[in-house]
Amino acid sequence: MSERISVVIYYDGEVRHTENGVIFLSENIVRLVFNQNIDLTKLRKRIRRKIFEMTSMKVLSIRYRFCASVNLVTYDSFDIKGARSLEAIVQTHLTSGSLYIELYIQFSLPNDAFATSTSTTVREEYTTLARHSVSGLQNTEAPVFGSSMEYTTLARYSVSG
């Protein structure tokens, strides 16, 4: 049996960069629960239906916000652009023990070929932190988030060399 993932979705607002990192500002917030094995196309469809029910709006982008530093609590974000990035956030969520995932959704009409986003790329490194301290695990697999970057994933348990 697979885990159910709880998500808080922000939309029709803005993504702002502050001294504490990325924040999602919106008066429009909904909650959604999905199966951990959902694919990105189905997730986009579920989000659109949850918010708009019967409309021709389309999900233009999905931005994931995560805690980048625990000592000085700061947040970072990245766009979910494919199956691997969706899988990475689900696995990070399950490992972290967080109660929910935070997503910012930008919508466009089907004929808005030139719609623009109000958010910008934050950085080209992806780091996740779990509940417990960890030593060492660096993963240099193929790109996960759409560019040729290395990413470091910290696990729950201590790993050496």
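Please treat every number below as a calculation from the coordinates, not as lab data. This one's a predicted model, so the numbers in the text were calculated from it and none came from an experiment. Every residue, glycine among them, receives a Cβ derived from its backbone with ideal geometry; neighbour counts consider all protein chains shown.
Some values worked out for this structure:
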quantity: Residue-by-residue Karplus 3J(HN,Hα) for region 77-84, coefficients 6.51, -1.76, 1.60, Hz, glycine and proline x; calculated: 8, 8, 7, 8, 10, x, 4, 5
quantity: Cα-projected label distance for Thr95 with Arg4, points at 7 Å along beta-carbon direction, nm; calculated: 2.5
quantity: Relative contact order of region 4-112, defined on C-alpha pairs under 8 angstrom at six or more residues apart (%); calculated: 35
quantity: Anisotropy class of region 4-112 from Cα gyration tensor, a/c 1.5 cut; calculated: oblate
quantity: Hz values of 3J(HN,Hα) by residue in region 64-69 - Karplus curve (6.51, -1.76, 1.60), Gly and Pro given as x; calculated: 9, 10, 9, 6, 8, 8
quantity: FRET efficiency estimate (nearest 0.05) - Cβ-Cβ, Glu19 to Ser56, R0 35 angstrom; calculated: 0.35
quantity: Per DSSP, loop trypsin sites (Lys or Arg not before Pro) in region 1-96 with at most 15 further Cβ within 10 Å; calculated: Lys81
